[in-house]
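Student: One structure, as structure tokens, below. Some questions next.
The values are calculated or read from the model by the stated rules, or taken from the named source; none is laboratory data. Keep in mind that this is a model prediction, so the values were computed, not measured. Using ideal geometry, Cβ is built from the backbone for each residue, glycine included, and neighbour counts are taken over all protein chains shown. We work out accessible area using only protein heavy atoms, side chains counted, and drop any ligands, DNA or RNA first. Shrake-Rupley method; radii C 1.70, N 1.55, O 1.52, S 1.80 Å.
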Amino acid sequence: MGDWMTVTDPGLSSESKYISQYTSETKMSPSSLYSQQVLCSSIPLSKNVHSFFSAFCTEENIEQSISYLDQELTTFGFPSLYEESKGKETKRELNIVAVLNCMNELLVLQRKNLLAQENVETQNLKLGSDMDHLQNCYAKLKEQLETSRREMIGLQERDRQLQCKNRNLHQLLKNEKDEVQKLQNIIASRATQYNHDMKRKEREYNKLKERLHQLVMNKKDKKIAMEVLNYVGRADGKRGSWRTGKTEARNEDEMYKILLNDYEYRQKQILMENAELKKVLQQMKKEMISLLSPQKQKPRERADDSTGTVISDIEEDAGELSRESMWDLSCETVREQLTNSIRKQWRILKSHVEKLDNQVSKVHVEGFNDEDVISRQDHEQETEKLELEIQQCKEMIKTQQQLLQQQLATACDDDTTSLLRDCYLLEEKERLKEEWSLFKEQKKNFEKERRSFTEAAIRLGLERKAFEEERASWLKQQFLNMTTFDHQNSENVKLLSAFSGSSDRDNPTVHSRPRQKKPHGAPSGSPVCMSKLTKSLPASPSTSDFCQTRSCVSEHSSISVLNTTPEESKPNQVGRECTNQKWSVASRPDSQEGGYSGRSSTYANSHVEKDDLP
Amino acid sequence: MNFSEVFKLSSLLCKFSPDGKYLASCVQYRLVVRDANTLQICQLYTCLDQIQHVEWSADSLFILCALYKRGLVQVWSLEQPEWHCKIDEGSAGLVASCWSPDGRHILNTTEFHLRITVWSLCTKSVSYIKYPKACQQGITFTRDGRYLALAERRDCKDYVSILVCSDWQLLRHFDTDTQDLAGIEWAPNGCVLAAWDSCLEYKILLYSLDGRLLSTFCAYEWSLGIKSVAWSPSSQFLAVGSYDGKVRILNHVTWKMITEFGHPATINNPKIVVYKEAEKSPPLVLGRLAFPPPRAAAGPLSSTESKYEVASVPVSLQTLKPAPDRANPRIGIGAMAFSPDSCFLATRSDSVPTAVWIWDIQKLRLLAALEQLSAVRCFQWDPRQARLAICTGGSKVYLWSPAGCVSVQVPGEDFKCLYYKTESKGSGPRRSCEAAFRCGQAPASESRPC
């Protein structure tokens, strides 16, 4: 191709060169020439080609070139350029048609070739780029291989080092163990030696002591003596007794007496402890029975529960035991019975508690039932109301007392009238006494009620607390969910709101309630909101708007509260009615006396009015 | 708390009589007996030489003064000042002397523990007990004074003899399964004897009065063992303090361990109250500040006042690193004392010398820890109430009670509290007398809170 370039350069090329070139070309095989031509055609400068062709054929050598071309073409399989000669001698004529056909065919060929070449070139380029890419890949992989190989070598090295270390440590450990063993042996041998030495030394020491003893004591040391002004009496005032066999026996006796006393004392203590424990056990048993017996009904109703029969057995046992009062026997049979029964009951109690736990957990899962939980405010209101009632009652009693006293006073002042009214007064007195007793009863009832209410309030507070905690935990979870899946959650909320709306309409099922209750508002914020709502909602609709502006969750809670409040007030009303009834009963005997009964009735009216208020 | 004036005292010899009426103190060779209430001198006796040991008889009628250097014991009667008794152990020598519980016999231990001589003040009779063992606590009387238990060593084996105190007759004699018996102690009810081995082996044995082995207890092996033993006044618990820094409490029914009290250097439980003594910094007076500061101010610790502060947990107490190559390492529970009502146990761990631990026995847990500025020398419970007094050798006495604790500055120049004694029996219900003493040729001071 380079040759061609030099050839095609028009500036540099000279005639002679061309010729030489041409001559060299002529020597080439026709196929190569063809290919050269094909190659030549790829060169964009067609001018050059033209010039080349023009250079090929001149005025002088037309004949020759034609013949040459003819030859060439015939070799390539084209029809001859010359016309078919009739005779051999006659000069052959150039066939123009054939020439044109040939040229056309050549041109077509040329175009085809060009196309093919282009294809080939693009393929070539593609292949080249592919090749490049593959080479790059190859290089990269090679690099990777290299690095991994290096890494592997490093790891192997480390492994080797660690193994080496491990071996060293093992060696060290072994050495240390050996050392320990050695030291232990040494210690043991030293100890034995030490003990041996000690014994020897001690023997020597004992010998010396013995010797010293003999020397010092048997010498009738004059110095060893006691100088006493006069002997003093014994502390107990008795004379010292002689040492005889009797004294020895007495000493023994005394010793055993002391020991016996000690053991007796301890036995007594243990007995006392035992008795106390037994008492506790019995108490526990009784309480268990009393606790479990009311439940006996339910399982029997269920009929498939086996606990009921067990309980009844136990009750029978307990009855026997208590009848025979076998507690004091403390023999093994009773103990066994007692322990067995306690164990049984304990098992029952345990299962029961577990059941309860399950129920509670279920309830927890479902949420709280609003009907069971009276709102704290209601409770407080109720207690306040009751307190007020009590106060009023007290005042009334006081005024009555005053009136009575006044009456009595007036009676005392006016003796004659008192005498006149004596019989009347007696009657009255009796009536008053009755009244008094009634009043006391009332008062007692009120006290009782109040107590029960306070207890309920306390219980409620506890429940509320538990619920608050539950709610807080739930809310936390909810919040987390909300934060993590915001979009989903918004959808959920929508769903929920739709659900709640439907439940608002029906509101009959217990199970729908807890779900409403569940999405309660923020742990700290919601109660405030709730209280506000319960106060103001019946009057103003703006609060509900406010509620809606708050999160959907709080809205649900507020709605649930609103729904429940009228229902919750119902039992209280019943309670109040009861009290009213009581009042009426109380006031019945007073109907004879005008002032008092009127007062009581007014009080009752006021009470009723008050009931109507909320 | 009130303090009396300061009295002279030599070699820490000062004792209240058991009935609480008198106080005997020694100054060189003189024995001074004072009335415990008025502190007036009642009697003054003169001994032959410097007194090294003083002991009241149980009925508070006689005082024994031992002059070990001379091998002499002199006995004085409080009722009859002219009565006297002198016991000479002669060439056998004397290393220890004590009263028998009846107050009419004196037990003298001769040198090298050759024998114990029992001298009677009632008759001329003299009894000898051979082969007493020279150990930490080899003689113990029961509370009621009927029996004496004595550790013996014969033919390289340990024995215990139980003698009847009334006529010194041998009641029981049995060998103990110990390598080297270190001590014996009767339970307060006098029916159980605890015997423990030397520190090389953790072993405690419990014997009945009739010599039967009730139980043995061994917490661990191959390590230094028991360092201290204490019975609860109710005989219900036996506290065993050991070199591993733990107190183990045994019960009196099964003689098994109820609980283990460790003495960690850090206290994390917020329920435990930790009192820390803190020096009160004297108020700074700018004008008076001398430069350089006078020696007196910088010198003795005693002059500064201190108070207790409740430290917030976790608290780490000061610990000593024991020297492993020395004998008698400063580790383990060195001292224990039950309160008179058996409700509290006070302990001191020698590796944490500045602290006293107080344990609640009813709940079996640590109740409080007191950390002083200097090492605790001794502590003692008030005989009538739950109140603990602690001495550190400084000029203060520290008092703890369940309500709290205080540090009391003892007045007097250059005074060091080394010992603290309380005595209340018979001194009337309204007060107990306490005395703090200074070592050496120093005055003694008595205090009496009302």
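Student: Considering each of B:Ala182, B:Ala194, B:Ala187 in turn, give the residue that is within 11 Å of chain A (Cβ to nearest Cβ) and among the small types (Gly, Ala, Ser).
Tutor: Values: B:Ala182 fails: within 11 Å of chain A (Cβ to nearest Cβ); B:Ala194 fails: within 11 Å of chain A (Cβ to nearest Cβ).
When all the criteria are applied, what remains is B:Ala187.
Student: Which strands (runs of 3 or more DSSP E) does the stretch B:149-239 wholly contain that include 1 or more residues that are within 25 Å of the chain's Cα centre (by Cα)?
Tutor: On the way: elements: B:157-164, B:169-175, B:181-186, B:192-197, B:204-208, B:213-217, B:226-231.
So the answer is B:157-164, B:181-186, B:192-197, B:204-208, B:213-217, B:226-231.
Student: Of all residues in the stretch B:134-163, which are at pLDDT 90 or above and aliphatic (A, V, I, L, M)?
Tutor: B:Ile139, B:Leu148, B:Ala149, B:Leu150, B:Ala151, B:Val160, B:Ile162, B:Leu163
Student: So is A:Asn251 surrounded by 12 or more Cβ atoms within 10 Å (Cβ to Cβ), part of a helix (DSSP H, G or I), within 14 Å of another protein chain (Cβ to nearest Cβ) and in contact with a strand residue (DSSP E or B) (Cβ under 6 Å, 6 or more places away or on another chain) or not?
Tutor: yes
Student: Here are the criteria: (1) at pLDDT 90 or above; (2) under 19 Å from B:Tyr22 (Cα atoms). Tell me which single one B:Ser97 does not satisfy.
Tutor: (2) is the only condition that B:Ser97 fails.
Student: Of the residues in the stretch B:92-121, how many are at the interface with chain A (Cβ under 8 Å from one of its Cβ atoms) and surrounded by fewer than 17 Cβ atoms within 10 Å (Cβ to Cβ)?
Tutor: 1
Student: If you take the residues of the stretch A:331-377 that are open to solvent by less than 70 Å² (accessible area, probe 1.4 Å) and modelled with pLDDT under 65, which of them is farthest from the chain's Cα centre (by Cα)?
Tutor: That would be A:Cys331.
Student: In the stretch B:122-164, how many are surrounded by fewer than 19 Cβ atoms within 10 Å (Cβ to Cβ), within 12 Å of another protein chain (Cβ to nearest Cβ) and in contact (Cβ under 8 Å) with a residue 40 or more places away in the chain?
Tutor: 4
Student: State all residues of the stretch B:398-407 that are surrounded by 23 or more Cβ atoms within 10 Å (Cβ to Cβ) and farther than 11 Å from B:Lys307 by Cβ; if no residue qualifies, say none.
Tutor: B:Trp400
Student: So which residues in the stretch A:204-216 are within 7 Å of chain B (Cβ to nearest Cβ) and farther than 9 Å from B:Leu114 by Cα, if there are any at all? It would help to see each step written out before you state the result.
Tutor: Within the stretch A:204-216, the subset within 7 Å of chain B (Cβ to nearest Cβ) is A:209, A:212-213, A:216.
Within the stretch A:204-216, just A:Val216 meets the criteria.
Student: May I ask you to list the residues in the stretch B:5-17 that are surrounded by 16 or more Cβ atoms within 10 Å (Cβ to Cβ), of a type outside the set (A, V, I, L, M, F, W, C) and over 17 Å from B:Gln43 (Cα atoms)?
Tutor: B:Ser10, B:Ser11, listed by residue number.
Student: Out of B:Gln80, B:Gln74, which single residue is within 27 Å of the chain's Cα centre (by Cα) and farther than 30 Å from B:Ser228 by Cβ? Working first, answer last.
Tutor: Numbers: B:Gln80 fails: within 27 Å of the chain's Cα centre (by Cα).
Result: B:Gln74 is the single residue among B:Gln80, B:Gln74 that is within 27 Å of the chain's Cα centre (by Cα) and farther than 30 Å from B:Ser228 by Cβ.
Student: Let me ask something else about it. Filter the stretch B:165-179 for residues that are among the polar types (S, T, N, Q) and closer than 27 Å to B:Gly225 by Cα; which is nearest to the other protein chains (Cβ to nearest Cβ)?
Tutor: Of the residues in the stretch B:165-179, the ones among the polar types (S, T, N, Q) are B:166, B:169, B:176, B:178-179.
Of the ones still in play, those that are also closer than 27 Å to B:Gly225 by Cα are B:176, B:178-179.
Values: B:Thr176: 16, B:Thr178: 13, B:Gln179: 8 Å.
Looking at residues that are among the polar types (S, T, N, Q) and closer than 27 Å to B:Gly225 by Cα, I get B:Gln179.
Student: While we're on this one: Specify which of the listed residues (B:Ser234, B:Ser208, B:Ser198, B:Ser215) is open to solvent by 10 Å² or more (accessible area, probe 1.4 Å), within 24 Å of B:Ser161 (Cβ to Cβ) and out of contact with any Asp or Glu (no Cβ under 8 Å at 6 or more places or on another chain). Spell out the reasoning first.
Tutor: Details: B:Ser234 fails: within 24 Å of B:Ser161 (Cβ to Cβ); B:Ser208 fails: open to solvent by 10 Å² or more (accessible area, probe 1.4 Å); B:Ser198 fails: out of contact with any Asp or Glu (no Cβ under 8 Å at 6 or more places or on another chain).
Among B:Ser234, B:Ser208, B:Ser198, B:Ser215, only B:Ser215 is open to solvent by 10 Å² or more (accessible area, probe 1.4 Å), within 24 Å of B:Ser161 (Cβ to Cβ) and out of contact with any Asp or Glu (no Cβ under 8 Å at 6 or more places or on another chain).
Student: Based on this model, can you work out whether A:Lys126 counts as part of a helix (DSSP H, G or I), over 30 Å from A:Ser80 (Cα atoms) and more than 60 Å from the chain's Cα centre (by Cα)?
Tutor: Values: part of a helix (DSSP H, G or I): yes; over 30 Å from A:Ser80 (Cα atoms): yes; more than 60 Å from the chain's Cα centre (by Cα): yes.
Criteria met by A:Lys126.
Student: Is at least one residue of the stretch A:65-84 modelled with pLDDT of 85 or more, touching a Ser or Thr at 6+ places or on another chain (Cβ under 7 Å) and not hydroxyl-bearing (Ser, Thr, Tyr)?
Tutor: No.
Student: Out of the stretch A:174-202, which residues are open to solvent by less than 100 Å² (accessible area, probe 1.4 Å), away from every other protein chain (no Cβ under 12 Å) and polar (S, T, N, Q)?
Tutor: A:Asn175, A:Gln181, A:Asn185, A:Ser189, A:Thr192
Results for (1) touching a Lys or Arg at 6+ places or on another chain (Cβ under 8 Å); (2) modelled with pLDDT of 90 or more; (3) open to solvent by 100 Å² or more (accessible area, probe 1.4 Å), shown as yes or no for each residue.
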residue	(1), (2), (3)
A:Leu408	no, no, no
A:Ala411	yes, no, no
A:Asp414	no, no, no
A:Leu419	no, no, yes
A:Glu428	no, no, no
A:Glu434	no, yes, yes
A:Ser437	no, yes, no
A:Gln442	yes, yes, no
A:Lys448	no, yes, yes
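Student: Something else about it: Mind counting the residues in the stretch B:16-38 that are in a strand (DSSP E or B) and touching a Phe, Trp or Tyr at 6+ places or on another chain (Cβ under 6 Å)?
Tutor: Restricting attention to the stretch B:16-38, the residues satisfying the condition of being in a strand (DSSP E or B) are B:16, B:22-27, B:30-35.
With touching a Phe, Trp or Tyr at 6+ places or on another chain (Cβ under 6 Å) added as a condition, the list becomes B:23, B:31, B:33.
Of the residues in that region, 3 qualify.
Student: Next question. Considering every residue within the stretch A:450-471, establish whether at least one is farther than 24 Å from A:Asp378 by Cβ and modelled with pLDDT of 90 or more. Don't jump to the end; show me each part of the working.
Tutor: Keep residues of the stretch A:450-471 that are farther than 24 Å from A:Asp378 by Cβ, which gives none.
No, there is no match, as no residue in the stretch A:450-471 is farther than 24 Å from A:Asp378 by Cβ and modelled with pLDDT of 90 or more.
Student: Here is a list: A:Glu287, A:Glu264. Which entry is closer than 30 Å to B:Arg146 by Cα, surrounded by fewer than 16 Cβ atoms within 10 Å (Cβ to Cβ) and at pLDDT 80 or above? I'd like the intermediate steps shown before the answer.
Tutor: Working: A:Glu287 fails: closer than 30 Å to B:Arg146 by Cα.
From the options A:Glu287, A:Glu264, the qualifying one is A:Glu264.
Student: Taking the stretch B:39-56 as the region of interest, how many residues are under 18 Å from the mean Cα position of the chain (by Cα) and outside any strand (DSSP E or B)?
Tutor: Within the stretch B:39-56, the subset under 18 Å from the mean Cα position of the chain (by Cα) is B:52-56.
Then keep just the ones that are outside any strand (DSSP E or B); that gives B:52.
The qualifying residues number 1.
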